[in-house]
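Each remark here refers to the structure printed beneath this line.
The values are calculated or read from the model by the stated rules, or taken from the named source; none is laboratory data. Treat the numbers as computed from the prediction; the structure is a model and nothing was measured. Note that each Cβ is placed from the backbone with ideal geometry, even for glycine, and that neighbours are counted across all protein chains shown.
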Amino acid sequence: MFDLNKAFGYDKSLAGQGAKRMLGADPEEYIILKKVPNPEYRALLNQEYRANEAALANSEADAQNALSDGIMARVFAKTAVVGWGKKFGDKGEPVKFSVKEAIRLFTAYPEFRQACQSWAENNANFQLSGETTVDEVKK
């Protein structure tokens with residue numbers, strides 16, 4: 001029998017607290033992400049697009065894309081990123097976690113934001129199996 005919960009379900013607690021997405025082979029190369037969309041994400045995204053509606057409507061395509069990418073970077077950083085590992089960096093330098101740094105990195109590297117967002121949208125990344133706990137997934 002096809003089980004909808006196995007295919008589409010996820011652990012709400014883990015989704016709300018965030019799960020670790022490994023970025024490299026080292027155990028300290030990770031980012032912790034909440035599932036999106038989540039209520040905060042939806043609310044802030046709507047607020048940002050409403051606040052920028054006129055600018056988006058009256059801009060050329062390149063300017064619209066840049067503004068939209070900036071909105072997405074801010075919204076995702078503020079509502080989905082919980083933190084990252086000790087070996088997380090940019091241009092060879094470590095970057096200590098803050099929302100401001102997350103916004104900066106997602107703006108500088110839009111493909112990184114897109115990859116993180118795609119991962120955070122996937123229910124399978126927020127499923128617990130058997131005896132796995134939320135704390136074990138976040139470790």
State all residues of the range 15-41 that are among the hydrophobic types (A, V, I, L, M, F, W, C), touching a strand residue (DSSP E or B) at 6+ places or on another chain (Cβ under 8 Å) and over 20 Å from L128 (Cα atoms); if no residue qualifies, say none. L23
With respect to T79, is the statement that it is among the hydroxyl-bearing types (S, T, Y) and either at pLDDT below 95 or under 18 Å from K20 (Cβ atoms) (or both) true? yes
A43 versus (1) within 23 Å of S98 (Cα to Cα); (2) surrounded by 15 or more Cβ atoms within 10 Å (Cβ to Cβ): which is the lone unmet condition? (2)
Can we say S68 is small (G, A, S) and outside any helix (DSSP H, G or I)? no
For the structure I just gave you, tell me whether V81 is within 25 Å of P37 (Cβ to Cβ), exposed (fewer than 15 other Cβ atoms within 10 Å of the Cβ) and touching a strand residue (DSSP E or B) at 6+ places or on another chain (Cβ under 8 Å). no
Among residues of the range 95-139 being at pLDDT 95 or above and of a type in the set (D, E), the residue surrounded by the most Cβ atoms within 10 Å (Cβ to Cβ) is E101
Across the range 22-60, the tally of residues that are in contact (Cβ under 8 Å) with a residue 60 or more places away in the chain, out of contact with any helix residue (DSSP H, G or I) (no Cβ under 6 Å at 6 or more places or on another chain) and not acidic (D, E) stands at 6
Consider the range 85-128. How many of its residues are of a type outside the set (V, I, T) and part of a loop (DSSP other than H, G, I, E, B)? 13
The correct count of residues that are surrounded by fewer than 13 Cβ atoms within 10 Å (Cβ to Cβ) and either part of a helix (DSSP H, G or I) or in contact (Cβ under 8 Å) with a residue 60 or more places away in the chain (or both) in the range 1-21 is 7
